[in-house]
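A short write-up of the structure that comes next.
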Amino acid sequence: MAVMDANSAPATAPTGLKARLRALFTGSGEAWLTRRLAGTIFLIRVISAGLAYFSQILLARWMGTSDYGIYVYVWTWVLLLGSMMDFGIAASAQKIIPEYRASGDHARLRGFLSGSRWMTGIVSVMVSLLLAGLVKLISPWIDADTVVPLYLGCLTLPAFVVANTQDGIARSHDWMRLGLMPQFIIRQALIIGFTAGAFALGFKLGATIAMLASVAAVWVAMIGQMIVLNRRLHTHIEPGPKAYDYRGWLAVSLPILLVESFYLLLSYTDVLVLQQFVSSDEVGVYFAVVKTLALVSFIHYAMSATTAHRFTEYHAAGDKDRLAAYVTHAIKWTFWPSLAATLILLALGKPLLWLFGPQFTGGYDIMFIAAIGLVVRAAIGPVERLLNMLGHQHICAVAYASAFVMNLVLCLVLVPKFGGHGAAAATSIALTFETILLFWIVRQRLGLHVLAFGKQRA
């Protein structure tokens, strides 16, 4: 079996819990660097989750389940659309930037660092205006209480999209804190501060006030991130001519966008379908369950964000053995922490849900259903990023599209009868189906056995 780096592991593997914990924070080489960066991302996401969890608890208690359900519904649309409106640039940056660096194409590199943000920003403004017009058009047929929050959601989108693009640029330079902290910590802290300020001033906290706080938080965090990123890029990259290969960027990004879009649709279909068939109260309870289990997804996200551009580097260098060993390392460091986190969250689930309010503990049994899909998906690690970075975006998109269609059909069948339980079951089944497809694709295309256990080679 190939080794990732001559110094990536000691001669004798550490044994015992204390030795394993020590290995997380000491060492050298690519394996250690990956763990350190992934640990940084995971820590940021955990702190973010704590802030988000705290903010959701406050909002749920201050607003009540009905207004909270409306806010969740609108914010879900912001997350879904905002993550899709960057054309996949945030993800493809981790492929484009390393390739430009490896080939010495500094003109296109400089052009991408600025042009990608201008492109996604301008297009997101145009799309947001069209969406606001759509809300105006359909307003007579939707709940009156959701109209203004939807307008505010449209106002949020341009800043959300540019922040995503900047996140991808920062992560491609291993600037994980700069990429993630503005979105996941600063933004959450600002939401808490703005809503708490409104509450202290005596405003009645409803979905509209909560969305106003979210709009302000997203814009402030994005602008601050832009200032710091520009300063760092100025010192990191020598000034010079810029070349703008928009067509080339889109050729790489759009297939990745398909993958990301179907993944996001798969992630948010349950909440969006629930809103059509059950009360806002039940949507709020289900969303609390999803937020409680978010820690498991953060581990997968951390490894994906850390490994994607390195997959590209090793593939571009033709180092197949190093790539294979790195994939194995990433999978194991996704699955086992995810399994441990799932068991802890299930054990503490009821008191965690109670923090939202006594009525939210009714969703505790939904946690067990939803957890199945998350653990199954973690068993193959970030292989969707592997496929995207190695040029297999199209087949990866087919896998996600198939899983999304299955999830949508199952939600439409199960949600009307079983509510949140049906939504959780539909999502877990779809995630299991997606995992099997991705495992088979990687085995056939790359010859790798991508499970957290078993032999490395197919």
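The values are calculated or read from the model by the stated rules, or taken from the named source; none is laboratory data. Computed from a predicted model, the values in this text were never measured in an experiment. Here Cβ is always computed from backbone atoms with ideal geometry, including for glycine, and neighbour counts include all displayed protein chains. Accessible surface areas use protein heavy atoms only, side chains included; no ligands, DNA or RNA. Shrake-Rupley method; radii C 1.70, N 1.55, O 1.52, S 1.80 Å.
Which condition does ALA370 not pass, out of (1) touching a Ser or Thr at 6+ places or on another chain (Cβ under 9 Å); (2) open to solvent by less than 10 Å² (accessible area, probe 1.4 Å); (3) part of a helix (DSSP H, G or I), if it passes all the others?
Just one mismatch for ALA370, condition (2).
Quickly run through segment 269-281 and pick out the residues that are open to solvent by 50 Å² or more (accessible area, probe 1.4 Å), at pLDDT below 85 and part of a helix (DSSP H, G or I).
If the condition is that a residue be open to solvent by 50 Å² or more (accessible area, probe 1.4 Å), at pLDDT below 85 and part of a helix (DSSP H, G or I), then ASP281 is the only one that fits.
Which condition breaks for VAL383 when tested against (1) surrounded by fewer than 16 Cβ atoms within 10 Å (Cβ to Cβ); (2) at pLDDT below 90?
Of the numbered conditions (1) surrounded by fewer than 16 Cβ atoms within 10 Å (Cβ to Cβ); (2) at pLDDT below 90, the odd one out for VAL383 is (1).
Among the residues of segment 380-430, count how many are without any contact (Cβ under 8 Å) to a residue 40 or more places away in the chain and either in contact with a Lys or Arg (Cβ under 7 Å, 6 or more places away or on another chain) or assigned to a loop (DSSP other than H, G, I, E, B) (or both).
1
Quick test for you: out of ILE191, ILE186, ILE169, pick the one residue that is out of contact with any Asp or Glu (no Cβ under 7 Å at 6 or more places or on another chain), closer than 15 Å to TYR71 by Cα, part of a helix (DSSP H, G or I) and not hydroxyl-bearing (Ser, Thr, Tyr).
ILE191
Taking the conditions exactly as written (farther than 16 Å from VAL220 by Cβ, modelled with pLDDT of 90 or more, among the β-branched types (Val, Ile, Thr) and assigned to a helix (DSSP H, G or I)), does VAL147 satisfy them or not?
yes
LEU157 passes all but one of (1) in contact with a Leu (Cβ under 8 Å, 6 or more places away or on another chain); (2) surrounded by 17 or more Cβ atoms within 10 Å (Cβ to Cβ); (3) touching a residue at least 40 places away in the same chain (Cβ under 8 Å); (4) over 24 Å from ASP86 (Cα atoms); which number fails?
For LEU157, the exception is condition (4).
Looking at GLY88, GLY82, can you tell me which residue is at pLDDT 85 or above, open to solvent by less than 10 Å² (accessible area, probe 1.4 Å) and touching an Asp or Glu at 6+ places or on another chain (Cβ under 6 Å)?
After applying the criteria, what remains is GLY88.
For segment 217-249, how many residues are assigned to a helix (DSSP H, G or I) and open to solvent by 50 Å² or more (accessible area, probe 1.4 Å)? Before the answer, list the steps.
As a first pass, look at segment 217-249 and keep what is assigned to a helix (DSSP H, G or I): 217-236, 246-249.
Right, trim to open to solvent by 50 Å² or more (accessible area, probe 1.4 Å) and you get 219-220, 223, 226-228, 230-232, 234-236, 246-247.
Of the residues in segment 217-249, 14 are assigned to a helix (DSSP H, G or I) and open to solvent by 50 Å² or more (accessible area, probe 1.4 Å).
Give me the residue from segment 271-309 that is under 21 Å from the mean Cα position of the chain (by Cα) and among the aromatic types (Phe, Trp, Tyr) and, out of that set, farthest from TYR53 (Cα to Cα).
Top of the filtered list is TYR301.
Considering every residue within segment 334-346, establish whether at least one is open to solvent by 80 Å² or more (accessible area, probe 1.4 Å), among the aliphatic types (A, V, I, L, M) and either in a helix (DSSP H, G or I) or free of Cβ contacts under 8 Å to residues at least 12 places away in the same chain (or both).
Yes, segment 334-346 contains a residue that is open to solvent by 80 Å² or more (accessible area, probe 1.4 Å), among the aliphatic types (A, V, I, L, M) and either in a helix (DSSP H, G or I) or free of Cβ contacts under 8 Å to residues at least 12 places away in the same chain (or both).
Can you run down the residue pairs with Cβ atoms below 7 Å, 6 or more apart or on separate chains, where the first is in segment 81-93 and on the phi < 0 side of the Ramachandran plot and the partner is of a type in the set (D, E, K, R)?
SER83/GLU260; MET84/GLU260; ALA90/ASP167; ALA91/GLU260
For segment 116-129, indicate whether the set of residues that are touching a Phe, Trp or Tyr at 6+ places or on another chain (Cβ under 6 Å), modelled with pLDDT of 95 or more and crowded, with 18+ Cβ neighbours inside 10 Å is non-empty.
No; the residues of segment 116-129 include none that is touching a Phe, Trp or Tyr at 6+ places or on another chain (Cβ under 6 Å), modelled with pLDDT of 95 or more and crowded, with 18+ Cβ neighbours inside 10 Å.
Run SER253 past the list (1) open to solvent by less than 20 Å² (accessible area, probe 1.4 Å); (2) farther than 29 Å from GLY133 by Cβ; (3) of a type outside the set (Lys, Arg) and report the number of the one that doesn't hold.
Going through the list (1) open to solvent by less than 20 Å² (accessible area, probe 1.4 Å); (2) farther than 29 Å from GLY133 by Cβ; (3) of a type outside the set (Lys, Arg), SER253 breaks only (2).
Assess whether THR208 counts as being β-branched (Val, Ile, Thr), in a helix (DSSP H, G or I), touching a residue at least 12 places away in the same chain (Cβ under 8 Å) and open to solvent by 30 Å² or more (accessible area, probe 1.4 Å).
Taking the combined requirement at face value, the residue satisfies it.
Based on what the data block shows, is VAL228 under 30 Å from GLY104 (Cβ atoms), modelled with pLDDT of 80 or more and more than 15 Å from the chain's Cα centre (by Cα)?
When the stated conditions are applied, VAL228 passes them.
So which of VAL290, VAL296 ends up being among the β-branched types (Val, Ile, Thr), assigned to a helix (DSSP H, G or I) and modelled with pLDDT of 85 or more?
Sole residue among the options that is among the β-branched types (Val, Ile, Thr), assigned to a helix (DSSP H, G or I) and modelled with pLDDT of 85 or more: VAL290.
Looking at segment 431-457 only, could you name the residues that are more than 24 Å from the chain's Cα centre (by Cα) and assigned to a loop (DSSP other than H, G, I, E, B)?
GLY447, HIS449, PHE453, GLY454, LYS455, GLN456
Return the residues of segment 62-82 that are over 18 Å from TYR151 (Cβ atoms) and aromatic (Phe, Trp, Tyr); say none if nothing qualifies.
TRP62, TYR68
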